[in-house]
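The values are calculated or read from the model by the stated rules, or taken from the named source; none is laboratory data. All values derive from a computational prediction rather than experimental measurement. In case anyone asks, the SASA skips ligands and DNA or RNA and just uses the protein heavy atoms, side chains included. Shrake-Rupley method; radii C 1.70, N 1.55, O 1.52, S 1.80 Å.
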Amino acid sequence: MKKRLFFCFFVILLSGISSFAQQSQPQMQPLTFWYEYTVNPGKEEEFMNLVKTVGQPVRDKLMADGVVKAWGVETPLLRVPGNATHMIWYAVADYAGVDQVDSAMRAQIAKLNDEEAKSGVAKKGQKPATSVTARLGEIADMSKVHDYLTRDLVIGFGPPSGSAALPFVRYNFVKVKAGKGSDYRKAWEKYNKPVFEKLAADGVVMAYGLSVEEIRTDGDFTHYVWYAVKDLASFDKVRAAFIADRDRRSQEEQDSLTSLFVGLQDVDASRSEVVRSLIFHLPAAK
């Protein structure tokens, strides 16, 4: 996931999820399920068509039912050898939501595969119909698929944004030293969360969070910080805000902060990634 996680978010994000958060307990810690795919060159449009015809109807229906809080498709801003090219994610409140989405997707694929099988032999000169599963195997390298289930330990939102927003998201992956997870979270909430809260209140950051893998599958990181913005220029404002926060402190305090965070994590394992949203769906406003 260091290679991507590819979000938040969802992962979870913005206005639709913001209303979800307001209706929930203060300690809401939603789950986000991620599917990482490495799409074969030249097959990007076919992949997106498959997303829109197979998964989108399921996720949109479950969103209308209140199960899915948001979902989307992302692709990395920077191409890195070995990293996934596309990530599908959906956010839910709990494991029951994961179960409902998984069951619905399995039923959808089985239904479409059965329909293709019943369509019969293709007419002369036409290619025979292929199943959804077979088409996905032609479009993406299935040996490189990686699923993740993550949980937001801390999550915050800016003012509601338009449903047409296609956010950019930055992920900062860190590897916290064994036994230091609680200390890292406390330090992050004390020194970094206030900066994000101000950025969110000012509308610079659409949403942000501190997250972990709910089911550990990747040893490259233990925690990641994510934040979503409306455009790449907003990243300059985030950077400036953190520089200003540190600069207003005494040199002694700055050195203490550096020592604190360096002592809690394996600095050499830190990685960052920026992704752009290709699809970003929120519940319809009520």
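Rounded to the nearest whole Hz, the Karplus-based 3J(HN,Hα) values (6.51 cos²θ - 1.76 cosθ + 1.60, θ = phi - 60°) of region 205-218 follow the sequence 9, 7, 6, 7, x, 10, 9, 9, 6, 5, 10, 6, 10, 10, with x at glycine and proline. In this structure, the amide hydrogen of LEU153, modeled 1.01 Å from its nitrogen in the peptide plane, lies closer than 5 angstrom to those of LEU210, SER211, VAL212, counting only residues at least 5 positions away or on a different chain.
For region 128-256, the C-alpha radius of gyration divided by 2.2 N^0.38 Å, with N the number of residues, is 1.35. Of the three principal axes defined by the Cα atoms of region 188-286, the extents in descending order read 49, 36, 24 Å.
Couplings 3J(HN,Hα) of region 29-40, computed from phi: 10, x, 9, 10, 9, 10, 10, 9, 10, 10, 7, 5 Hz, in residue order, whole Hz [Karplus 6.51 cos²θ - 1.76 cosθ + 1.60, θ = phi - 60°; x for Gly and Pro]. Between ASP218 and ARG79, residue separation times 0.36 nm minus the direct Cα-Cα distance comes to 48.0 nm. Heavy-atom accessible area for ARG216, with the other protein chains in place and a 1.4 Å probe, reaches approximately 140 Å².
Rg/Rh, computed from the Cα trace of region 183-237 with Rh as the Kirkwood radius, has the value 1.03.
Taking all protein chains as present, what is the carbon and sulfur share of the accessible area of region 200-286, in % to the nearest whole number, probe 1.4 Å? Let's see the in-between values first.
Numbers: 2290 of 4550 Å².
Reported share for carbon and sulfur atoms: 50 percent.
Comparing Cα centroids, region 230-286 and region 131-202 end up 12 angstrom apart.
Heavy atoms of the protein chains alone define the surface here; on that basis region 27-113 has 46 Å² accessible area per residue at 1.4 Å probe size.
Just list whichever of LYS61/LYS180; LYS43/LYS175; LYS43/LYS237; LYS177/LYS237; LYS175/LYS198; LYS144/LYS186 have alpha carbons separated by over 32 Å in the model shown.
Pairs exceeding 32 Å: LYS61/LYS180; LYS43/LYS175; LYS43/LYS237; LYS144/LYS186.
Residue by residue, region 103-116 carries 3J(HN,Hα) couplings of 5, 5, 5, 4, 5, 5, 5, 4, 5, 5, 5, 5, 5, 5 Hz when phi is fed to the Karplus relation 6.51 cos²θ - 1.76 cosθ + 1.60 (θ = phi - 60°); x denotes Gly or Pro. Scanning residues 5 or more positions from ILE279 or on other chains, those with amide H under 5 Å from its amide H are VAL73, with H placed 1.01 Å from N in the peptide plane. Computed in the context of the full set of protein chains, the accessible area of region 45-195 at 1.4 Å probe radius has 54% of its extent on carbon or sulfur.
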